[in-house]
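First the structure, in the form of structure tokens, and then the observations on it.
Derivation of every value follows stated rules applied to the coordinates shown; laboratory data play no part. The structure displayed is predicted, hence computed values, not measured ones. With ideal geometry, Cβ positions are generated from the backbone for all residues, glycine too; neighbour counts draw on all protein chains shown.
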Ligand SMILES: NC(=O)c1ccc[n+]([C@@H]2O[C@H](COP(=O)([O-])OP(=O)(O)OC[C@H]3O[C@@H](n4cnc5c(N)ncnc54)[C@H](O)[C@@H]3O)[C@@H](O)[C@H]2O)c1
């Protein structure tokens, strides 16, 4: 499949996990990929197998940096047809131990990062009738113990997806959210849990099946981003092996 031939796709979080797999998937389908992340070495590794595109170290929590990144993409590659907001951070904690730094980090990346990138890219997406895919989480659809801020941030991703979908409903831009369950990435490999937690509560979010691979998520994101998903706008697409089903 070459669904992204002649299209420019911006992917945040492209240095790792789902973002890396998405960048490679879109490139494999013909896209010119502009990868954004904080991690320069990770970006370089992602782009080893990508012949069309470029990357940039950007902190998406900063509005000006997000706008400058989109300008750079347009200067280098001529426009933006697809924006995949994949970057995210996860921290778990007892409510009593949530700090201001942790709160600001999670909300800044998971919510602010999407808002700034969307704000910067929207004029270009409108020009071409493009597509935006935000990565949410099953944590945004169900209560998840010890994830107060993360869960709240992912709930916000779902609502900002719906809200932007309505604000831009008269344009031809499509705005959707893919909500994964567990995915085998550095995020899940390195997550630290607080002491004295109730493991029975956590078991509810593990589900009955295995975790997804980043490539499986990239396949869903690519479909939603592509013209094949032309009927989807404002949709929240769970890709969680049934975790939020019952
Ligand atoms: N892994 C899972 O089980 C899982 C489950 C549900 C949802 N998600 C979501 O999927 C997305 C991708 O997660 P992943 O598992 O691939 O994580 P990951 O940690 O492997 O990758 C996240 C990337 O985001 C980048 N990033 C963090 N802060 C940034 C910033 N300020 N500016 C630019 N880049 C920044 C990191 O450097 C990293 O490369 C996230 O939004 C995450 O919340 C993951």
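Comparing 22, 184, 99 in a Gaussian network model of the chain where C-alpha atoms under 10 Å apart are linked, the largest mean-square fluctuation is found at 99. For the chain, a Gaussian network of Cα nodes joined below 10 Å ranks 197, 38, 125 by mean-square fluctuation, and the top entry is 197. Comparing 132, 122, 232 in a Gaussian network model of the chain (Cα springs below 10 Å), the most mobile by mean-square fluctuation is 232. Of the two radii for the chain, the radius of gyration is 0.95 times the Kirkwood radius, both from the alpha carbons; that is the Rg over Rh value.
The listed peptides 59-68, 139-148, ordered by packing as a protection proxy, come out as 139-148, 59-68 (highest mean of other Cβ atoms within 10 Å first). Please tell me the relative contact order of the chain in percent, rounded to the nearest whole number, where contacts are Cα pairs under 8 Å and at least six residues apart. Dividing the mean separation by the residue count of the chain yields 20 percent.
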